[in-house]
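Visitor: Structure in C-alpha cells, see below.
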Amino acid sequence: MTIHSAPNQATPQRPPRASAANESPPRQPTLKALARLLPFAKPALPRLIAGAVVGLGAALASLAIPLVLQWVIDGPLRSGDRSLIVWATLGVLGLGAAEAALVFTRRMLVLAPATEVEYALRRGFTERLLNLQVAFHDRWQSGQLLSRMMQDISLIRRWLAFGSILLLINLVTIVVGTALLFRWHWLLGVVFVVCSIPIWGAGFRFEQRYGSLSRSSQDQAGDLATSVEESVHGIRVLKAFGRGGHAMSKFVRQAETLRDTELQKGREVGLLWFWYDLVPVLALGLNLMTGIWLVSRGQLTVGELFAFFAMATALRWPMGSLGFLFSFLIDTRTATDRVFEVFDSQVVIQDPAEPKTITAPRGELAFRGVHFHYPDAREGDTDIINGLDLTLRPGETMALVGATGCGKTTLTTLPSRLYDVTGGSVEIDGVDVRDLRLEELRSLIGVAFEEPVLFSSSVRENVLLGRADLAPGSPEAEAVLREALDVAQAGFATELPDGLDTAVGEEGLSLSGGQRQRLALARVVAAKPAILVLDDPLSALDVDTEALVEAALRRVLANTTALIIAHRPSTVALADRVAVMRDGRIEAVGTHTELLRRSAHYRHLIVSISSPNGSATEEQP
Ligand SMILES: Nc1ncnc2c1ncn2[C@@H]1O[C@H](COP(=O)(O)OP(=O)(O)OP(=O)(O)O)[C@@H](O)[C@H]1O
C-alpha cells in the first residue's frame, strides 16, 4: 500500500536521462586524443615498440627484393653468370621467408600487451564507475556505459595490436619506397608523388566527415544497447501490457538510424577506398610510360625499370590500406573520446582530506538544517529537502511518514552520502558525515532499499555482502548469516535446491518479491551497522510474515538506531517515535499517540495508509 500524492508543483520534475551522445566535448586533434591512452599503454609499450620495429624489418625486407632484382637483371643476367643468378634467387627467397617470419613475430609480440592494455582500461573503467556518485548513474544510460566498456575498449585493443603498427609501417614503407623511386630516376619519383596528391586530399576530406559519423554510430550503438537492456529487463511488463510490438518498433527505429549511419560511414569509406585503389594504378600506368620513355632515351636501365615496377607493386598494399587504416584510426579516437568522457567525470563524493573517526559509535543521527536538490534541478525550483531538522537518539527507532513524492527516499540517501547535502549537514555522533572516510561511514550505516537488488551469486554471498571482514565459510560468518536469515524470516533460503549456495539474482533462481525483500533485509541486518536506514522494507510481505519479521526486528533494533520509511501502520508500530515529513521539512515529531492528538496531517496520513486503497495528497490537511 502506497501513499499517493497529487503532483507536487514545488518539487522539480526529472527531465529524461540524457543520452551521453549529447554531451561530447569539442574535438581535439586525433594524436592528442589518442595520447590519453599512454598511461594505460605504458607497461605494454616496450613490446608494442618491439613489434613495430620487427614489422618495419619485415617491410624493409620486402622493399629490398626489387633492389636485388635490379642487381640481377643489370648484372649477372646480362653477363650470364649462372652461379650469381642462383645466389640472387636464393637471396630473394630468403628475403621473402624473412618477411614472413618477421610478420609472424610482430603478431606474437603485440597480441599479449594489447590485451593487457584492454584489461587495464576495463579495470580502470569499472573502478571509475563504482567510485562515481549515484548522480552520475542517474544521468547516464546503462547501454552507453556497456558499449563503451565492451565495444570501444576492444576497438582500442585492436588498434594498438594491429592498426597503429600497420599505419606506422605502411607510412614508413611509402616514404622509403618513394625515396628509392627518386633514386632510380627523379622523374619517376615526381610522377609518383604528384599522383598521390589526390590520396592526401581524399584523406583530409575523409577525416573531416567520417569523425562525426563515427561518433554518431558509436553513440547510437550505445542507445540501442540501452533499449535492448531495458526491454529484456522489463520483459514481463511489456508482455503483460501487450507492448512487445511497441518495444519492437522503438528498437527497429533505433536500429534503422544506426544502419543509416553505418551506410553513410560505408559510403565515405568506399569513396576513400576508390581513391586509394585508383591512384596507385594510375601512378603505375603513368610511370610505365615514363619508364619506357626513359629507357628508350638511355636514361634508365632495363633492370632499374623492372625494379621500379616491383617497387611500385610492393607499394600498392601500403597505399591501398591507408583508407582502411585512417577509418580505423578515427573510429579508435572516437572510442577513446567516449571512454575518457567517463574517466573525466568528476568523483565528487570522496574521502575528506583530513578524515575524522568515530572510535566508539553511539549511533546518534542528526539532520541539521539540511537542504537538498538533485543535480538536474532547474534554477528557481524549491529544494526537495528544504531546511530539514531531525535528530534520532542512540538506539531509537524513528518511523518517517509523508505523502508520496515528499522526499522520504531522498532523505534516506543522505546519511550514507549516496548524494551529498546541498546545504546544512548530516551528523553521526556529532561528526559531519563528510568528515568520515567513506569506508568507515558505510560500515556505520546500513541501508535497505524498497526495491531489493540481489546480485547473481549465492544466497550466502548476497547476505554477507557487507561483511568483507568475515572470512568466507568461517564459523563466525556462518553464525552471522544464520542470525540475519532468522531475523528476516528468510529460512526458505536453506530449502532452495543448493541451500545457501543457490545462485539467485539475475542469472540465478527467480525468487518472489517477498523472498527477495527478506534476503535484502537479512543483508542489512548481517552488516550489523550502528545505524539502520530502511526504505519500506516489509512492503512485499504478507501480514503473518510481516508480524514475525517485526518481532525479530524489534530485538535487533533494541541496540541500533533506525530510520524506517513507513507506508503501513504496522511499520509505524515498530517505532519509538514518528517523524512527519511535509514540503521538504519535518512538520512534527512524537509518539504515534501524541501525533494522532496534535497533527491533522498525521491523522490524515494514518487514515489513508490504513484504508485498503490508501492514498494521501499534499493538499489534504
Ligand atoms: N534521482 C533523481 N533525480 C532527480 N529527481 C529525483 C530523483 N529521485 C527522486 N526524484 C524526485 O524527488 C522527489 C522526491 O522523491 P522521493 O522518491 O524521495 O519521494 P518519496 O517521498 O520517497 O516517495 P514515495 O513515497 O512514493 O516513495 C520526486 O519529485 C522525484 O521525482
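For (1) without any contact (Cβ under 8 Å) to a residue 12 or more places away in the chain; (2) outside any helix (DSSP H, G or I), each residue gets a yes or a no:
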| residue | (1), (2) |
| --- | --- |
| Arg518 | no, no |
| Asp544 | yes, no |
| Val580 | no, yes |
| Leu595 | no, no |
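Visitor: Still on this structure, I have one more. Within 16 Å of the ligand (Cβ to nearest atom) and under 21 Å from Ala527 (Cβ atoms), is that true of Val433?
Guide: No: the conditions fail for Val433.
Visitor: Next question. List pairs: first in the range 274-289 and not assigned by TED's automatic domain parsing to the domain that holds Arg205, second at pLDDT below 80 and hydrophobic (A, V, I, L, M, F, W, C), Cβ under 6 Å, 6+ apart or cross-chain?
Guide: none
Visitor: Within the range 370-391, can you find the residues that are of a type outside the set (Asp, Glu) and free of Cβ contacts under 8 Å to residues at least 24 places away in the same chain?
Guide: Of everything in the range 370-391, just one residue is of a type outside the set (Asp, Glu) and free of Cβ contacts under 8 Å to residues at least 24 places away in the same chain, namely Gly380.
Visitor: Related question: Does Ala488 qualify as being within 24 Å of Ala562 (Cα to Cα) and exposed (fewer than 12 other Cβ atoms within 10 Å of the Cβ)?
Guide: Judged against the criteria, Ala488 is not a match.
Visitor: Quick check, is Gly242 assigned to a loop (DSSP other than H, G, I, E, B), at pLDDT below 80 and small (Gly, Ala, Ser)?
Guide: Here the answer is yes, as Gly242 does meet what is asked.
Visitor: Moving on to the next point. Only one of these conditions is not met by Phe274: (1) part of a helix (DSSP H, G or I); (2) modelled with pLDDT of 85 or more. Which number is it?
Guide: Of everything listed in (1) part of a helix (DSSP H, G or I); (2) modelled with pLDDT of 85 or more, Phe274 misses just condition (2).
Visitor: Restricting to the range 567-597, what's the tally of residues that are of a type in the set (Ser, Thr, Tyr) and buried (at least 22 other Cβ atoms within 10 Å of the Cβ)? Quick ask: steps written out before the conclusion?
Guide: Start the filter on the range 567-597 by keeping residues that are of a type in the set (Ser, Thr, Tyr), which leaves 570-571, 591, 593.
This time we only want the ones that are buried (at least 22 other Cβ atoms within 10 Å of the Cβ), so: 571.
Summing the residues that are of a type in the set (Ser, Thr, Tyr) and buried (at least 22 other Cβ atoms within 10 Å of the Cβ) in the range 567-597 gives 1.
Visitor: In the range 540-566, what residues are surrounded by 20 or more Cβ atoms within 10 Å (Cβ to Cβ) and within 16 Å of the ligand (Cβ to nearest atom)?
Guide: Leu563, Ile564, Ile565, Ala566
Visitor: How many of the residues making up the range 478-494 are within 24 Å of Glu546 (Cβ to Cβ) and either of a type in the set (Gly, Ala, Ser) or part of a loop (DSSP other than H, G, I, E, B) (or both)?
Guide: Qualifying residue count, the range 478-494: 6.
Visitor: Continuing with this model, one more query. Looking only at the range 335-385, which residues are within 16 Å of the ligand (Cβ to nearest atom), buried (at least 16 other Cβ atoms within 10 Å of the Cβ) and of a type in the set (Val, Ile, Thr)?
Guide: Ile349, Val370, Ile384, Ile385
Visitor: Here is a further query. Do you know which of the residues in the range 228-273 that are without any contact (Cβ under 8 Å) to a residue 40 or more places away in the chain and aromatic (Phe, Trp, Tyr) is surrounded by the fewest Cβ atoms within 10 Å (Cβ to Cβ)?
Guide: Phe241
Visitor: Please work out which residue is farthest from Ala135 (Cα to Cα), limiting yourself to the range 386-415 and to residues that are more than 15 Å from the ligand (Cβ to nearest atom) and of a type in the set (Ser, Thr, Tyr).
Guide: Step one: filter the range 386-415 for residues more than 15 Å from the ligand (Cβ to nearest atom), giving 387, 389, 391-398.
Now narrow it down to the ones that are of a type in the set (Ser, Thr, Tyr): 391, 397.
On the way: Thr391: 26, Thr397: 29 Å.
Among those that are more than 15 Å from the ligand (Cβ to nearest atom) and of a type in the set (Ser, Thr, Tyr), it is Thr397.
Visitor: Residues Ala520, Ala530, Ala503: which one is touching a strand residue (DSSP E or B) at 6+ places or on another chain (Cβ under 8 Å), more than 30 Å from His604 (Cα to Cα) and surrounded by fewer than 21 Cβ atoms within 10 Å (Cβ to Cβ)? Give the steps one after another, and end with the answer.
Guide: Working: Ala520 fails: surrounded by fewer than 21 Cβ atoms within 10 Å (Cβ to Cβ); Ala530 fails: surrounded by fewer than 21 Cβ atoms within 10 Å (Cβ to Cβ).
After applying the criteria, what remains is Ala503.
Visitor: Within the range 452-477, how many residues turn out to be part of a helix (DSSP H, G or I) and either over 18 Å from Pro529 (Cβ atoms) or outside the structural domain of Gln517 (by TED's automatic domain parsing) (or both)?
Guide: Matching residues across the range 452-477 total 4.
Visitor: Find the helices (runs of 4 or more DSSP H) located wholly in the range 83-200 whose residues include 1 or more that are under 29 Å from Gly291 (Cα atoms), and list them.
Guide: Of the helices (runs of 4 or more DSSP H) lying wholly inside the range 83-200, those with at least 1 residues that are under 29 Å from Gly291 (Cα atoms) span 164-184.
Visitor: Here is a follow-up. Applying the selection to the range 546-578, what residues are outside any helix (DSSP H, G or I), within 21 Å of Arg523 (Cα to Cα) and among the β-branched types (Val, Ile, Thr)?
Guide: Answer for the range 546-578, where residues must be outside any helix (DSSP H, G or I), within 21 Å of Arg523 (Cα to Cα) and among the β-branched types (Val, Ile, Thr): Thr560, Thr561, Ile564, Ile565.
Visitor: From (1) modelled with pLDDT of 80 or more; (2) in contact with a strand residue (DSSP E or B) (Cβ under 9 Å, 6 or more places away or on another chain), pick out the condition that doesn't hold for Thr89.
Guide: Failed condition: (2).
Visitor: How many residues are surrounded by fewer than 17 Cβ atoms within 10 Å (Cβ to Cβ) and free of Cβ contacts under 8 Å to residues at least 40 places away in the same chain when one looks only at the range 450-469?
Guide: Residues meeting the conditions: 3.
Visitor: Mind listing whichever residues of the range 167-195 are within 29 Å of Ser214 (Cβ to Cβ), surrounded by 21 or more Cβ atoms within 10 Å (Cβ to Cβ) and either within 16 Å of the ligand (Cβ to nearest atom) or of a type in the set (A, V, I, L, M, F, W, C) (or both)?
Guide: Result: Ile169, single match.
Visitor: Now for a separate question. Go through (1) surrounded by fewer than 16 Cβ atoms within 10 Å (Cβ to Cβ); (2) closer than 23 Å to Leu60 by Cα and name the single condition Met289 misses.
Guide: (2)
Visitor: So if I check each of Ser62, Ser142, Ser79, which one is crowded, with 19+ Cβ neighbours inside 10 Å, among the small types (Gly, Ala, Ser) and either in the same structural domain as Ala179 (by TED's automatic domain parsing) or closer than 30 Å to Gln218 by Cα (or both)?
Guide: Answer to the check: Ser62.
Visitor: With the requirement that a residue be at pLDDT 95 or above and aromatic (Phe, Trp, Tyr), what does the range 364-415 give you?
Guide: Phe367, Phe372
The values are calculated or read from the model by the stated rules, or taken from the named source; none is laboratory data. These numbers were taken from a predicted model, which means no experiment stands behind them. Every residue, glycine as well, gets a Cβ built from its backbone with ideal geometry; the counts of neighbours run over all protein chains shown.
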